[in-house]
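Below is one structure; the comments refer to it alone.
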Amino acid sequence: MGLPMVAHRLRRDLGDAAVITDPVARRTYECVGLTPYRCTPGLVVWPEDAEGVQAAVLACREAGVPFVARGSGTGPSGGALAEAKGALPGTDVGLPQADRALPEADGVVIVTGRMRRIIEVDLPNRRAVVEPGVLNLAVSDTVGPTGYFYAPDQSSQRMRSIGGNVAENSGGPHCVKYGFTTQHVSGLEVCTPDGDLVRLGVGKAVRSPGYDLTGVFIGSEGTLGIATKIVVKLLRAPESVRTILAAFDSIDRAGAAASAITTAGVQPAAAEIMDTLAIRAAEAVVDRGYPAGTRAVLIVELDGPAVEVEAETAALTALFAGALALRTADDPAGRAAIWKGHETAVGRIRRDHPVGSISGESGVGDHTSAKLPSMFSVDDLATTQDDLATMQLVRRAFDPGNRANPGKVFPTPRLCGERSPAALAPCRTGERIRGAG
Ligand SMILES: Cc1cc2nc3c(=O)[nH]c(=O)nc-3n(C[C@H](O)[C@H](O)[C@H](O)COP(=O)(O)OP(=O)(O)OC[C@H]3O[C@@H](n4cnc5c(N)ncnc54)[C@H](O)[C@@H]3O)c2cc1C
C-alpha cells in the first residue's frame, strides 16, 4: 500500500497530530547527532504509547516499508536516520548544505518523544518502569529525593532518551564502577518488527530461566524492534560523593596517575582524562581556569561511605603529588562545574569530528558499519564472517522481513564478505534457516 496508505491509516488510528507528511516538517528529522549525514524520512510518526508504536509498526509491515525508532535523535553514529533510497547519505558531505542532493527515504521514523511517562517507581524492589522517551537524567531527578539514583550517565545525559540508551547500550563516566546500560535494565516491553508487543526479561524478579533476551535486545540499535517500556534498576545513593580534578603538564603524567589509582586499590566511581585537544575544546566555550601549562586533566569521582571517601581522597592526593593543581568538590554545584568542562569538550569534539572509529559507546549505526568486521577476529576473515553471520541470524529471527532499521550496524552492502546468503534468508523464529549448517 505504500507510504500514503500508511499515513492515511495512522491518521485514522493515532490522530492527525501524530503523523507528519509535510516535506518541510519531515526535514526536521533528516539528521541526528551525525550531522554530515542527512536523509529526509518518507513519513514521521509520533505515537503516545506502546499501542501507538504497535499501530505504526503493523502499518509498516502491511505496507512492506522499513521503519526506524528515534529517541532524542542525538546518536553520533547515525543510527536513527531513515535509510536512503538511491544515493548513500553523506556521499557529498564536502559540499555546502544548500548544494547537497538530499536523499529521501521510503521509510518511517517512529519518534518516542511523546512517551515520557515514568510509569511506576517501586522502591522496595529497587525498580522503575519507564517509557522509552524518558530522558536519562529524569529518572535520577525523580527518585533522587528518596535516596536512589539510576547509574548509567552519558556525558550530556540530560538530552538522551532511555530508549536510545538501551539501543546503544550506553555507558558514561561512571561505567568504570557501575557498568553499562545492560547491567541496569532488568526487563523490556518490545514491539517486534512483526508488530507484537512482547515482554523480555524478568522485570522485577531477580532472575529467570532461559535465554537472556533482554541482553540480546540491549545494544541492538533498533534492529530487533522498538522498546516501548523499560524496567530500570535503582541504586541507593552513596553517603558521600567527591569529585577531584588534577591538572598535569603532560598526558603521560596524567595517564600514569590514572593507572596508579587502580594499582593502589582505589575503585573510582568515575574517571576521565582530557588531553590537550579536549582542553582546548572546553576552553573555547568558557574559560575553565585550568592553570598555565596544563596539557592534561584527570577527573576522578569517589563515592561510598564518608569515611571511605576520606581515606581514598588521602590516597589520591599522594598519588597526584606531581599535579600542577588539585581541586575537589563535594557539593552538587561544585561537582557539576568540574564535569562541565569534560561535558563541553565531548560535545564539541563529537560535533567537530563526527566520523571516527567504532567506539562501542555510541553504536555502530550507519557511518561505522563498514568498519565492523575489523572488530571481530581480525586475523581470520572466515571467522569474522561467521561472527557477523551469526549476528545476522539473530537479527533475522527477530526481523525476517528486514524492516527494522535496515542498512544499519552490518556492513551490507558496502564491503566484501558482508552478505551471507544463509544469514540473510528470510526465516521465522523457530524455523530452520535455509542453508545454515
Ligand atoms: C555529546 C555526546 C556525549 C555522549 N557521551 C556518551 C557517553 O559518555 N557514553 C555513551 O555510551 N554514549 C555517549 N554518547 C552517545 C549517546 O549517549 C547515545 O547515542 C544515546 O543513547 C542516544 O540517545 P538518543 O535518545 O539520542 O538516541 P537516538 O539518536 O534517537 O537513537 C540512537 C539509536 O537508538 C535507536 N532507538 C532509539 N529509541 C529506541 C527504542 N525505543 N527502541 C529501539 N531502538 C531505539 C535508534 O533507532 C538508533 O539506532 C554521547 C553522545 C553525544 C552526542
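The values are calculated or read from the model by the stated rules, or taken from the named source; none is laboratory data. These figures come from a predicted structure and were not determined experimentally. So basically every Cβ, Gly included, is an ideal-geometry build from the backbone, and we count neighbours across all protein chains shown.
Could you tell me how many of the residues in the range 154-196 are charged (D, E, K, R), farther than 21 Å from VAL57 by Cβ and modelled with pLDDT of 95 or more? Steps first, answer last, please.
Of all residues in the range 154-196, those charged (D, E, K, R) come to 158, 160, 168, 177, 189, 194, 196.
Okay, now just the ones that are also farther than 21 Å from VAL57 by Cβ, so 158, 160, 177.
Filter again for modelled with pLDDT of 95 or more, leaving none.
Qualifying residue count, the range 154-196: 0.
Just to check your reading of the model, which residue among ALA151, ALA128 is touching a His at 6+ places or on another chain (Cβ under 6 Å) and more than 12 Å from the ligand (Cβ to nearest atom)?
Values: ALA128 fails: touching a His at 6+ places or on another chain (Cβ under 6 Å).
Testing whether each residue is touching a His at 6+ places or on another chain (Cβ under 6 Å) and more than 12 Å from the ligand (Cβ to nearest atom) leaves just ALA151.
Quick one: in the range 213-239, of everything that is touching a Pro at 6+ places or on another chain (Cβ under 7 Å) and not acidic (Asp, Glu), which residue is nearest to ALA260 (Cα to Cα)?
In the first step, residues of the range 213-239 are kept if they are touching a Pro at 6+ places or on another chain (Cβ under 7 Å); the result is 225, 227-228, 230, 239.
If we keep only those that are not acidic (Asp, Glu) as well, we get 225, 227-228, 230.
Working: GLY225: 43, ALA227: 41, THR228: 43, ILE230: 38 Å.
Here the answer is ILE230.
Take TYR211 and decide whether it is free of Cβ contacts under 8 Å to residues at least 60 places away in the same chain and more than 11 Å from the ligand (Cβ to nearest atom). Lay out the reasoning, then the answer.
Working: free of Cβ contacts under 8 Å to residues at least 60 places away in the same chain: yes; more than 11 Å from the ligand (Cβ to nearest atom): yes.
For TYR211, the condition - free of Cβ contacts under 8 Å to residues at least 60 places away in the same chain and more than 11 Å from the ligand (Cβ to nearest atom) - is met.
Out of the residues in the range 50-79 that are touching a Ser or Thr at 6+ places or on another chain (Cβ under 8 Å) and in a loop (DSSP other than H, G, I, E, B), which is farthest from the ligand (Cβ to nearest atom)?
SER77
From VAL139, VAL166, VAL143, which residue is within 11 Å of the ligand (Cβ to nearest atom) and crowded, with 18+ Cβ neighbours inside 10 Å?
The unique qualifying residue is VAL166.
If I ask for residues that are crowded, with 19+ Cβ neighbours inside 10 Å and touching a strand residue (DSSP E or B) at 6+ places or on another chain (Cβ under 7 Å), which ones from the range 314-334 would you list? Reasoning before the result, please.
So the first thing to find is which residues in the range 314-334 are crowded, with 19+ Cβ neighbours inside 10 Å, and the list is 316, 319-320, 323.
Once the filter is applied, which keeps residues that are crowded, with 19+ Cβ neighbours inside 10 Å and touching a strand residue (DSSP E or B) at 6+ places or on another chain (Cβ under 7 Å), the range 314-334 yields LEU316, PHE320, ALA323.
Select from the range 218-274 the residues that are charged (D, E, K, R) and within 16 Å of the ligand (Cβ to nearest atom) and list them in ascending order.
We begin by selecting, within the range 218-274, every residue charged (D, E, K, R); these are 221, 229, 233, 236, 239, 242, 249, 252-253, 272.
Selection gives GLU221, LYS229, GLU272.
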